[in-house]
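Below you'll find the structure, written out as structure tokens, and then a few comments.
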Amino acid sequence: MNNKEEFVYIIFYILVFLILVMVAIILFITKSRKKIFEKEIEKKDLEIKLQKDVLQATILSQETERNRIAQDLHDEISSKLIAISLNLHLLQSAKTKVDSKPEIIENIIQINQNTIENSRKIAHDLLPPVLEKFGLEAAIQELVLHYNNSKSVAIKFTNTIDFKLSSNEKQLQIFRILQELINNSIKHGKASQILINFKNSDQKYNCWYTDNGLGFDASDQNIKKGLGMRNIESRIDFLNGSYTISSQVNKGIQFQFNFDLV
Ligand SMILES: Nc1ncnc2c1ncn2[C@@H]1O[C@H](COP(=O)(O)OP(=O)(O)OP(=O)(O)O)[C@@H](O)[C@H]1O
Ligand SMILES: [Mg+2]
């Protein structure tokens with residue numbers, strides 16, 4: 001083999017080598033692209049599933065809320081109005097003795113008073129008037145006072161956030177989150193102390209919520225999220241926030257969430 005032939009062979013091998021390297025690179029890129037693509041699809045599927053879960057929880061909680069309102073209206077208002085109507089008919093009836101009329105009138109006044117109070121309570125549950133008039137801080141203070149007066153639990157609330165920067169709708173979501181957290185602390189944790197602390201940090205608004213109750217094993221997969229926790233999740237989602245929860249048996253719970261106000 002002369003020098004020229006040798007040179008051609010070398011060039012040929014280099015070319016074959018380069019082609020092989022290129023094929024390997026192309027295969028590698030295609031494979032990793034496929035992997036990235038698959039991962040993206042997986043992520044999107046997960047997001048869609050999460051959105052579906054949130055939507056389902058929202059629909060379910062709306063239905064529960066509607067059922068509760070329907071039941072309240074039925075038990076507390078309709079039945080009372082029927083009772084008033086019966087008493088009025090009794091008053092009108094020729095068969096009713098005159099001396100029993102003052103008692104019937106007193107009865108009507110009582111039921112009427114009761115109905116007014118109940119309708120105020122139902123409206124209050126739907127949207128606490130203090131929240132609409134004076135904002136979230138005042139509404140939480142009122143809620144805390146209500147629990148503290150009942151002596152079943154002592155709640156300490158501190159805040160450095162100006163909630164008025166935000167819409168009533170967002171303030172109401174935060175209020176509902178706290179209501180559910182407090183309900184859970186009393187119902188499941190039998191807590192005697194609750195701390196609620198709101199403050200700004202790192203451009204975010206934060207809430208730290210802790211109780212001293214029975215807690216639960218947060219790593220236990222058997223403890224299922226009920227409607228309450230799923231509602232909290234969808235409300236935090238609505239507020240563009242995120243949350244962490246930690247708890248151990250007999251060590252209470254520590255719940256933290258952040259949120260956007262505007
Ligand atoms: N503060 C707490 N202390 C102890 N356990 C808690 C506390 N908060 C939540 N848990 C546990 O987490 C579970 C899920 O709570 P979640 O509010 O989602 O459902 P629930 O209160 O059981 O029912 P729902 O709120 O739908 O009426 C509870 O059943 C309970 O085991
Ligand atoms: Mg609950």
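Applying 0.36 nm per residue to the separation of residue 81 and residue 100 and subtracting their alpha-carbon distance, the gain on full extension is 4.8 nm. The order of the peptides 205-218, 77-90 by mean Cβ neighbours within 10 Å, most packed first, is 205-218, 77-90.
What net charge is computed for the residues neighbouring residue 155, neighbours being all others with C-beta under 12 Å from the C-beta of residue 155, Lys and Arg scored +1, Asp and Glu -1?
Details: positive: 151, 156; negative: 142, 211.
Around residue 155, the charge tally is 0.
Projected label points at residue 70 and residue 262, each 7 Å from Cα along the beta carbon direction, are separated by 4.2 nanometres.
Nearest 10 degrees is fine. How inclined is helix 79-92 to the longest principal axis of the chain, computing both from alpha carbons? Value to nearest ten degrees: 20.
Relative contact order of the stretch 105-219: what whole-number percent is it, with Cα pairs under 8 angstrom and at least 6 residues apart? All intermediate terms of the calculation are to be shown ahead of the outcome.
Working: 115 pairs, mean separation 24.5, N = 115.
In percent, rounded to a whole number, it is 21.
Rg over Rh for the chain works out to 1.34, using Cα positions for both radii and the Kirkwood form for Rh. Per residue, the accessible area of the stretch 109-223 comes to 58 Å², computed with a 1.4 Å probe over protein heavy atoms only. First compute the accessible area of the stretch 11-61 with a 1.4 Å probe, then give the percent of it belonging to carbon and sulfur atoms. Looking at the stretch 11-61 in its full context, I get 75 percent from C and S. For the stretch 233-250 versus the stretch 16-33, the inter-centroid distance based on Cα atoms is 46 Å. What the Cβ-Cβ distance of residue 240 and residue 120 gives, at R0 = 25 Å and to the nearest 0.05, is a FRET efficiency of 0.15. Sequence-ordered 3J(HN,Hα) estimates for the stretch 156-166 from the Karplus curve with 6.51, -1.76 and 1.60 and θ = phi - 60° stand at 10, 10, 10, 8, 10, 9, 8, 5, 5, 5, 10 Hz, glycine and proline given as x. Each of residue 13 and residue 51 was given a label point 7 Å from its Cα along the Cα-to-Cβ line. The distance between the two points is 5.8 nm.
The values are calculated or read from the model by the stated rules, or taken from the named source; none is laboratory data. Treat the numbers as computed from the prediction; the structure is a model and nothing was measured. Backbone-built Cβ (ideal geometry, glycine too); neighbour counts: all protein chains shown. Heavy atoms of the whole protein, side chains included, go into the accessibility calculation; ligands, DNA and RNA do not. Shrake-Rupley method; radii C 1.70, N 1.55, O 1.52, S 1.80 Å.
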